[in-house]
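Colleague: Input: one structure, supplied below.
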Amino acid sequence: MGLNEAEYQNLIQEQLEDLIKSCPRCKSEEDKKLVLKAFNLANKAHEGVKRKSGEPYILHPLAVAKIVSTEIGLGPKAIVCSLLHDVVEDTYYTLEDIERIFGKKIASIIDGLTKISEVFDVNSSLQAENFRKILLTLTEDIRVILIKLADRLHNMRTLDSLPPAKQMKIAGETIYLYAPLAHRLGLYTIKT
C-alpha cells in the first residue's frame, strides 16, 4: 500500500536530512547548502513525476546520491550531480541552466551522464567489452561512471515495480555491462 502525499513529503524530507547528515565529506555549511540547492532544483524539476512504483520521482535521485555518498564515498559535487542526474535528460532544464546555477564542473559531469545515457539507449547491441571501452573513454571525469553505476544500482534495488520482461532486460544489462565496470573500478560491493 502506497503512502499519501503528506507521508511522501515527510519521507522525502527525512531522506534529504539523512543524506546531508550521512555525507562524510560534506563538512562545511557551503557543501550542505550546495547539496540543498541541488535537491531543491531537482525536486522542483521532477515535481508531480512518479516512478513506476508510484513513489515521487525525487526519491530516486535522493537514493542515488546516498549511494554515491555512503557506499562509494564521493563528495559534495558528486552528490549534487547525483541529485541532478536526470534533470537535463527528463525535464525542461538545460545544461546551460545547470552551468549557470552550479558552475562549469557540475554541468560537465551532468553532460557526461546525459551522453552516457544516450549511448546506452542507442548502442544496446554493442558487445559488452567494446561498450565498456566506449564508456571509459567517453568521460573525462570518473565521477560520471561512478554516478551512473549508483543510478543502476538503485534501479536494480527497485526492479520489483517493473514488468518481468523489463526486469530481465535491466538485469541482463547490469550483469554484462555494469557489474564488470564496477569490478574494474574496484567497487566490489556494488558489483554484488
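Colleague: State all residues of region 86-127 that are surrounded by fewer than 14 Cβ atoms within 10 Å (Cβ to Cβ), over 23 Å from V49 (Cβ atoms) and modelled with pLDDT under 60; if no residue qualifies, say none.
Modeller: V122, N123, S124, S125, Q127
Colleague: I'd like the full set of residues that are touching a strand residue (DSSP E or B) at 6+ places or on another chain (Cβ under 8 Å) and assigned to a helix (DSSP H, G or I), limited to region 24-70. It would help to see each step written out before you state the result.
Modeller: Going residue by residue through region 24-70, those that are touching a strand residue (DSSP E or B) at 6+ places or on another chain (Cβ under 8 Å) are 46, 49-50, 56-57.
Of everything in region 24-70, nothing turns out to be touching a strand residue (DSSP E or B) at 6+ places or on another chain (Cβ under 8 Å) and assigned to a helix (DSSP H, G or I).
Colleague: Give just the number: which of (1) surrounded by fewer than 20 Cβ atoms within 10 Å (Cβ to Cβ); (2) assigned to a helix (DSSP H, G or I); (3) in contact with a Pro (Cβ under 7 Å, 6 or more places away or on another chain) does Q13 not satisfy?
Modeller: It fails just one condition, (3).
Conditions (1) farther than 21 Å from R143 by Cβ; (2) touching a residue at least 12 places away in the same chain (Cβ under 8 Å); (3) in contact with a His (Cβ under 8 Å, 6 or more places away or on another chain), marked per residue:
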site	(1), (2), (3)
I20	no, yes, no
L36	no, yes, no
L59	yes, yes, no
V64	no, yes, yes
G73	no, yes, no
L83	no, yes, no
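Colleague: Do any residues in region 1-18 that are under 17 Å from Y57 (Cβ atoms) have Cβ atoms under 6 Å from those of residues that are part of a helix (DSSP H, G or I) and modelled with pLDDT under 95, where the two are at least six apart or on different chains, and which pairs are they?
Modeller: none
Colleague: Now a separate question. On the given criteria, is G54 touching a helix residue (DSSP H, G or I) at 6+ places or on another chain (Cβ under 8 Å), of a type in the set (G, A, S), closer than 21 Å to V144 by Cα and surrounded by fewer than 22 Cβ atoms within 10 Å (Cβ to Cβ)? Show your work before the answer.
Modeller: Numbers: touching a helix residue (DSSP H, G or I) at 6+ places or on another chain (Cβ under 8 Å): yes; of a type in the set (G, A, S): yes; closer than 21 Å to V144 by Cα: no; surrounded by fewer than 22 Cβ atoms within 10 Å (Cβ to Cβ): yes.
No; evaluated as a whole, the condition is false for this residue.
Colleague: For L74, which of the numbered conditions (1) of a type in the set (A, V, I, L, M); (2) modelled with pLDDT of 95 or more; (3) outside any helix (DSSP H, G or I) fails to hold?
Modeller: So L74 meets the others, but not (2).
Colleague: Right, C26: in contact (Cβ under 8 Å) with a residue 40 or more places away in the chain, in contact with a Pro (Cβ under 6 Å, 6 or more places away or on another chain) and closer than 25 Å to A182 by Cβ or not?
Modeller: Taking the combined requirement at face value, the residue satisfies it.
Colleague: Can you name every residue in region 157-169 that is among the aliphatic types (A, V, I, L, M) and in contact with a helix residue (DSSP H, G or I) (Cβ under 6 Å, 6 or more places away or on another chain)?
Modeller: L159
Colleague: Out of the residues in region 171-186 meeting the condition of being without any contact (Cβ under 8 Å) to a residue 40 or more places away in the chain and not in a loop (DSSP other than H, G, I, E, B), tell me which one is surrounded by the most Cβ atoms within 10 Å (Cβ to Cβ).
Modeller: Y178
The values are calculated or read from the model by the stated rules, or taken from the named source; none is laboratory data. Keep in mind that this is a model prediction, so the values were computed, not measured. Quick reminder, even Gly has a Cβ in these numbers, built from the backbone with ideal geometry, and neighbours come from all protein chains shown.
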